[in-house]
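The values are calculated or read from the model by the stated rules, or taken from the named source; none is laboratory data. Treat the numbers as computed from the prediction; the structure is a model and nothing was measured. All Cβ positions, even for glycine, are placed from backbone atoms using ideal geometry, and neighbour counts span all protein chains on display. Only protein heavy atoms, including side chains, enter the accessible area calculation; ligands, DNA and RNA are left aside. Shrake-Rupley method; radii C 1.70, N 1.55, O 1.52, S 1.80 Å.
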Amino acid sequence: MSQRAWIATRKGLFQVLLDTHAGGPAAWRIASSSFIGEPVSMVLPGSSTHPMIAALKLGHFGVKCHASDDWGDSWHEIATPAYPSQPEDAQDEPPWKLEQIWSLAAANGVIWAGTLPGGLFSSKDCGASWQLNESLWDRPERLEWFGGGYDVPGIHSICIDSRDTKRMLVGISCGGAWLTRDDGLSWELRAKGMNATYMPPDRTDEQNIQDPHAIAQCAGPPDTLWCQHHNGIWRSTDAGALWHEIKAPLSSFGFAVAAHPTDPDTAWFVPATADQQRVPVDSALCVNRTRDGGKSFETLRTGLPQKDCYDLVYRHGLAVSADGQHLMMGSTTGNLWASADAGESWQNISCNLPPIYAVRFEAVA
Amino acid sequence: MVRIVLTPQLQRFTETPEVEAIAATLRDALEASFAANPQLRGYVLDEQGHLRKHVAIFIDGQMLRDRQNLSVSLTPDSEVYVLQALSGG
């Protein structure tokens, strides 16, 4: 099986392919580009039930969504999620205006979009129309959410339970983690155990103000969740009912996390110096991997720059393929690396891409 | 007739027909453009019906300041330019 991945950047969307030749070494190459010059905040690879979707964040003309059925050879604009009319007596500080699509996920033909300023949208018609999830938007706790990374709160992680797609957990900066068991009809907070040292001492364990930078789910068993939080790393083995803190070497600060698709004890993180600097520790890039549920870590550096390196990997900038062996990582400095051995070693694919927002794998038969 | 001219920068995404219309207000003029190409609405206005933050409108050479109230009056031969602001790039 060959591999395909999509790279969403500040200046366009790139397709990268792993070419495998009999007898020769496999090598990734940039195969095509789309939307050159435009910010692509997120991409959803296509499947048999939905097209590929690219979310653009046009600097002047707002958020736009485009779909492709031919791996980016052609695109057509589809509907963009839109917030309802803001009531005059709304108590929100942020206006009800779409600023960015921060996350995209799909299951059973339903596409979910997590956005800034905090709305979750769904589409059952491949993006021809979108509906705001009002039960989450109308939660009174939402008024307590605040921006983390951006000026307004946003939904950056959507974890759909592979056993039962009516169960879904979303991660919000800053609004904790929320679980639905009934396809979005009702929601409950699921951030117990997380801790926020950026809050006053008597509020650090409050669930609704936690800043999970990213939450990744083990596809099977999906009750295992990993969270790279603003103040460290947490893991849950009960679908977010309780989170346990984990200490990683070098630094537990970072943005990205990738969860092994089948092994609930394996996950990868990219440590950075907390909190104001946000660069690799000692200017040397590495990946922390645990294979025992966070009891211990290996720090993996082979093939990554170990001197004068200031690449930061954003929360969607690290991905693992469905086989758990291929990893890909893109940085704010436009470097893109791949690993074919679960992170043991890395090869640079490009050091000249625009700042990378998101990396996503797509399996190719 | 009021003349509405859209920035050619929009042509990367959608058609920008030059429209002449009878329009008493800026809103009427914009609606005439949107009637010519409905897709334009989402590029110029946000979902609350406000002028997008980084879109600039000039009416007879004067920049529009109020992004929410689009009922500003036009003269019968006003020229309305909808431009890409220098901010937001």
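The figures follow:
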quantity: Fraction in percent of alpha-carbon pairs per bin - 10 Å, segment A:74-204; calculated: 12, 43, 33, 10, 1, 0
quantity: The protein assembly as shown - accessible surface per residue (Å², probe 1.4 Å); calculated: 42 Å²
quantity: Centroid-to-centroid separation of segment A:53-82 and segment A:301-320 [C-alpha atoms, Å]; calculated: 28 Å
quantity: Debye, to nearest 20: dipole size of the protein assembly as shown, +1 on Lys, Arg Cβ, -1 on Asp, Glu Cβ; calculated: 840 debye
quantity: Longest exposed-site-free window of chain B, the sites being GluC sites (Glu not before Pro) in a DSSP loop that have at most 12 other C-beta atoms within 10 Å; calculated: B:19-89
quantity: Dipole of segment B:2-84, positive direction: furthest Cα of B:VAL5, B:LEU64, B:THR25, with charges on the beta-carbon; calculated: B:LEU64
quantity: Extent along principal axes [Cα atoms of segment A:177-248; Å; largest to smallest]; calculated: 35, 30, 17
quantity: Farthest positive-ward along segment A:96-346 dipole, Cα basis, beta-carbon charges - from A:TRP268, A:LEU98, A:THR237; calculated: A:TRP268
quantity: CD proxy at 222 nm, helix term only [per DSSP H run n ≥ 4: -39500 (n - 2.57); per residue of chain B; nearest 500]; calculated: -5000 deg cm²/dmol
quantity: Computed log₁₀ I(q)/I(0) - Debye formula, equal Cα scatterers, no solvent, segment A:57-109, q 0.24, 0.27, 0.29 Å⁻¹; calculated: -1.11, -1.20, -1.24
quantity: Using alpha carbons only: equivalent-ellipsoid semi-axes of segment A:145-189, gyration tensor based, whole Å; calculated: 22, 10, 6
quantity: Where N is the number of residues in chain B, Cα Rg divided by 2.2 N^0.38 Å; calculated: 0.97
quantity: With eigenvalues of the C-alpha gyration tensor scaled by 5 and rooted, the protein assembly as shown, Å; calculated: 40, 26, 20
quantity: Distance from segment B:22-53 to segment A:230-254 (C-alpha centre basis), Å; calculated: 48 Å
quantity: Sites B:ALA24 and B:LEU86 - FRET efficiency at Förster radius 22 Å, r taken between beta-carbons, to 0.05; calculated: 0.15
quantity: Dipole of the protein assembly as shown [Lys/Arg +1, Asp/Glu -1 at C-beta], most positive-end residue of A:VAL287, A:GLN86, A:GLY148; calculated: A:VAL287
quantity: Lysine pair count for chain A [Cα-Cα under 24 Å; pairs on different chains or 8 or more apart]; calculated: 13
quantity: Candidates per trypsin sites (Lys or Arg not before Pro) in segment A:129-191, loop by DSSP, up to 13 other Cβ within 10 Å; calculated: A:ARG163
quantity: Using a Förster distance of 22 Å, the FRET efficiency for A:SER85-A:SER129 (Cβ separation, nearest 0.05); calculated: 0.85
quantity: Dipole moment magnitude, nearest 20 debye, segment A:96-346 about Cα centre, only Lys, Arg, Asp, Glu C-beta charged; calculated: 140 debye
quantity: Calculated [θ] (222 nm, deg cm²/dmol) that DSSP helices of n ≥ 4 give over chain A, each run adding -39,500 (n - 2.57); calculated: 0 deg cm²/dmol
quantity: Where B meets A: accessible area buried, both sides, 1.4 Å probe, Å²; calculated: 1500 Å²
quantity: Of every Cα-Cα pair in segment A:96-346, the percent that sits beyond 28 Å; calculated: 29 percent
quantity: Relative packing of peptides A:90-96, A:209-215 - highest average C-beta neighbours within 10 Å first; calculated: A:209-215, A:90-96
quantity: Computed accessible area, A:CYS126, all protein chains, 1.4 angstrom probe, square angstrom; calculated: 50 Å²
quantity: Relative contact order of segment A:109-192, defined on C-alpha pairs under 8 angstrom at six or more residues apart (%); calculated: 22 percent
